[in-house]
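Heads up, the thing below is written out as structure tokens.
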Ligand SMILES: [Zn+2]
């Protein structure tokens, strides 16, 4: 790790890399959020499509964290949390018919399942 001024911006928003669980691709957080397809409101899970290998996975967007896991049905669906990535500055919030996500000065709206 260097200590040059060129990397000063990353102090405010560290260059978090979010890996795909299926292939060896890693993505910056904005790129990751660009590929969230829908929000499953009942289980507070987002379906994410990997732009590299095309597989999808279920992730939970939490304050300062992206959690990986899977949805299982035991009477009602639950999200089983397996592991996660720390994403300082990630700010998800439920909005009308979408999950609103703020990160690094940008806003994404991941549409609720059934609302599109
Ligand atoms: Zn992948």
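A few points about this structure:
- Candidate set: region 15-32, residues that are in a loop (DSSP other than H, G, I, E, B) and within 14 Å of the ligand (Cβ to nearest atom); chosen: the one nearest to residue 100 (Cα to Cα): 20
- Residues within region 33-44 that are without any contact (Cβ under 8 Å) to a residue 60 or more places away in the chain and either within 21 Å of residue 104 (Cα to Cα) or within 16 Å of the ligand (Cβ to nearest atom) (or both), tallied: 1
- Here residue 62 meets each of (1) surrounded by fewer than 18 Cβ atoms within 10 Å (Cβ to Cβ); (2) in contact with a helix residue (DSSP H, G or I) (Cβ under 7 Å, 6 or more places away or on another chain) with one exception, condition (2).
- Where residue 21 falls short, out of the listed (1) touching a residue at least 24 places away in the same chain (Cβ under 8 Å); (2) surrounded by fewer than 14 Cβ atoms within 10 Å (Cβ to Cβ); (3) touching a strand residue (DSSP E or B) at 6+ places or on another chain (Cβ under 8 Å): (2)
- Restricting region 46-90 to residues that are part of a loop (DSSP other than H, G, I, E, B) and in contact (Cβ under 8 Å) with a residue 60 or more places away in the chain, the residue that is nearest to the ligand (Cβ to nearest atom): 87
- Sole exception among (1) at pLDDT below 95; (2) surrounded by 15 or more Cβ atoms within 10 Å (Cβ to Cβ) for residue 9, by number: (2)
The values are calculated or read from the model by the stated rules, or taken from the named source; none is laboratory data. Quick caveat: nothing in here was measured; it's all calculated off a predicted structure. Methodologically, a virtual Cβ is constructed for each residue, glycine included, from the backbone with ideal geometry; neighbour enumeration extends over all protein chains shown.
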